[in-house]
Amino acid sequence: MADRTFRIASLPGDGIGPEVVREGLRVLHAAGRMHGAGFEVREHAAGAAEYLRGGDPMPEAVFEDAAACDAILLGAMGLPEVRVPGGTEIAPQLDLRDRLELYAGVRPLYLYNAQHTPLKGRGAGSIDFVIVRENTEGLFSTRKQKVEEGAQQVGDTMLVTRAASERLFRAAFELARRRRKHVTLVDKANVLPSMAFFRRVFDETAERYADVETRRLYVDAASLLLVRRPEDFDVVVTENMFGDILSDLGAALVGGRGVAPSGDIGEKHAVFQPSHGSAPDIAGRGIANPAATILSVAMMLEWLPDERCRAAAESVRGAVRRALANDSAATPDLGGKATTEEMGAAVLRELEAMR
Ligand code: ATP
């Protein structure tokens, strides 16, 4: 097969974003070279610093160029002191989700090293589940509402539509078919009518996937069981806000946000980024953990419609697995002393050793 070049938009963003994306791109190019896939990386400024500079965190020309690429790799966006009128942080990554209809937030959580979990008696590989989060509506649906100065009451709406739920559930079931064929629905159907509707649509979709086992949990019970028996979960599908919260709980089980990748995936576009934010407290110190970004690169490679990229994804995941099994590659968030660059180099060495 002749080499093929893919166009990747890189939006490193703020804080530690550029530091971790640098390592992600080193690994992307190395894995591509191993498997005959080339990458033209188009880097753009976007995020809080760009908002301060030009008044727009995601200039239209950047959006258009990113949308025209084969995939988008994002570092982190937002800084606590940079707020829009209304008081919330700038979040162009959420706008990307809306505008590109990236309806499924896919967050794999995998325990690479027994030292990384606060749970007792769990070895590497014993925690291995994926949260599929609805990305376009739910309790985030009114996030852009204008609040009157001096308002005495502000409400947010849990919006659930049949169309968004069906496409989400289909994505979860399709993913489960490529894994251990088990889907857990997480909702609050006992209290909220929107969630009872969500469950009804889930039940209807499940009928079309008879080969996949299902379970339904309320979000409170799910939080307890994820801590007590994480090994019982394979694919977890849920509403936007619940998914936001449970993703962090899940990350805590496997070593924190520094090892939790994510992909926001639609029919035509996808954005891959670490689950963490811009971590301003450690930015510029060279100690951020790049594993979540490197694993996001693996997800991106897996998603690109090409066998060479899929093989490269497998290699990257294997290299991260081996690098993280070794305590000397651990960054401070994992209890080690390695720098961002050293962890990246450890993954590259493992890749090299696979040749
Ligand atoms: P957001 O609102 O975007 O979720 P946040 O400020 O709540 O952002 P993070 O920026 O992810 O959260 O930071 C939370 C904590 O986790 C910080 O103490 C940060 O240093 C730490 N952290 C986040 N990502 C990493 C990483 N890649 N490596 C090491 N520590 C990290």
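Of the residues making up the stretch 132-154, those that are modelled with pLDDT of 95 or more, out of contact with any helix residue (DSSP H, G or I) (no Cβ under 9 Å at 6 or more places or on another chain) and open to solvent by less than 80 Å² (accessible area, probe 1.4 Å) number 0. Quick check: anything in the stretch 53-61 surrounded by 17 or more Cβ atoms within 10 Å (Cβ to Cβ), assigned by TED's automatic domain parsing to the domain that holds A270 and within 16 Å of the ligand (Cβ to nearest atom)? Among the residues of the stretch 53-61, at least one is surrounded by 17 or more Cβ atoms within 10 Å (Cβ to Cβ), assigned by TED's automatic domain parsing to the domain that holds A270 and within 16 Å of the ligand (Cβ to nearest atom), which makes the answer yes.
If E267 passes every condition in (1) assigned to a helix (DSSP H, G or I); (2) surrounded by fewer than 16 Cβ atoms within 10 Å (Cβ to Cβ) but one, which one does it miss? (1) is the only condition that E267 fails. Assess whether A104 counts as being touching a residue at least 40 places away in the same chain (Cβ under 8 Å), in contact with a Ser or Thr (Cβ under 6 Å, 6 or more places away or on another chain) and either of a type in the set (A, V, I, L, M, F, W, C) or open to solvent by 60 Å² or more (accessible area, probe 1.4 Å) (or both). No; evaluated as a whole, the condition is false for this residue. Screening the candidates A210, A176, A196, A189 for the property of being farther than 30 Å from V84 by Cα, among the small types (G, A, S) and open to solvent by less than 20 Å² (accessible area, probe 1.4 Å) yields one hit, A176.
One residue stands out in the stretch 38-52 among those that are more than 16 Å from the ligand (Cβ to nearest atom) and open to solvent by 50 Å² or more (accessible area, probe 1.4 Å): the one that is farthest from P92 (Cα to Cα), namely E40. Of the helices (runs of 4 or more DSSP H) lying entirely inside the stretch 188-264, those containing at least 3 residues that are under 19 Å from the mean Cα position of the chain (by Cα) span 240-254. Restricting attention to the stretch 301-316, does a residue exist that is within 13 Å of the ligand (Cβ to nearest atom) and assigned by TED's automatic domain parsing to the domain that holds L11? Looking through the stretch 301-316, none of the residues is within 13 Å of the ligand (Cβ to nearest atom) and assigned by TED's automatic domain parsing to the domain that holds L11.
Restricting attention to the stretch 21-45, the residues being small (G, A, S) and closer than 22 Å to T340 by Cα number 5. When you look at H35, is it open to solvent by 30 Å² or more (accessible area, probe 1.4 Å), more than 16 Å from the ligand (Cβ to nearest atom) and closer than 22 Å to A288 by Cα, yes or no? So H35 does not fit the description; no.
The test for being in a helix (DSSP H, G or I) and either acidic (D, E) or open to solvent by less than 30 Å² (accessible area, probe 1.4 Å) (or both) does not hold for F129. Close contacts from the stretch 176-205, counting a first residue that is more than 23 Å from D156 (Cα to Cα) and a second that is open to solvent by 40 Å² or more (accessible area, probe 1.4 Å) and in a helix (DSSP H, G or I), with Cβ to Cβ under 7 Å and a gap of 6+ residues or different chains, come to T205/E166; T205/R170. Annotation note: Cβ proximity below 7 Å between a residue of the stretch 232-258 that is open to solvent by 10 Å² or more (accessible area, probe 1.4 Å) and a residue that is small (G, A, S) and modelled with pLDDT under 95 (sequence gap 6+ or interchain) occurs for no pair.
Of all residues in the stretch 50-74, which are more than 22 Å from L25 (Cβ to Cβ) and touching a residue at least 24 places away in the same chain (Cβ under 8 Å)? Within the stretch 50-74, Y51, L52 meet the criteria.
For the stretch 322-334, the tally of residues that are under 22 Å from R33 (Cβ atoms) and either surrounded by fewer than 17 Cβ atoms within 10 Å (Cβ to Cβ) or within 16 Å of the ligand (Cβ to nearest atom) (or both) stands at 2.
Going by the structure shown, is G284 under 20 Å from L109 (Cα atoms), within 16 Å of the ligand (Cβ to nearest atom) and more than 21 Å from the chain's Cα centre (by Cα)? Criteria not met by G284. For G78, indicate whether it is open to solvent by 10 Å² or more (accessible area, probe 1.4 Å) and at pLDDT below 95. Spelling it out, it is not the case that G78 is open to solvent by 10 Å² or more (accessible area, probe 1.4 Å) and at pLDDT below 95. Here is a check on your reading of the model: is V316 more than 20 Å from L25 (Cβ to Cβ) and of a type in the set (V, I, T)? It is false that V316 is more than 20 Å from L25 (Cβ to Cβ) and of a type in the set (V, I, T).
Looking across the stretch 287-305 at every residue that is touching a Phe, Trp or Tyr at 6+ places or on another chain (Cβ under 8 Å) and open to solvent by 10 Å² or more (accessible area, probe 1.4 Å), the one that is nearest to R107 (Cα to Cα) is identified as M299. If the condition is being within 18 Å of H276 (Cβ to Cβ) and either open to solvent by 40 Å² or more (accessible area, probe 1.4 Å) or within 11 Å of the ligand (Cβ to nearest atom) (or both), then the stretch 82-92 contributes E89, I90, A91.
The values are calculated or read from the model by the stated rules, or taken from the named source; none is laboratory data. In this text, all values refer to a predicted model and were calculated from it rather than measured experimentally. Note that we place each Cβ from the backbone using ideal geometry, even for glycine, and neighbour counts take in every protein chain shown. With ligands, DNA and RNA removed, areas are computed over all heavy atoms of the protein, side chains included. Shrake-Rupley method; radii C 1.70, N 1.55, O 1.52, S 1.80 Å.
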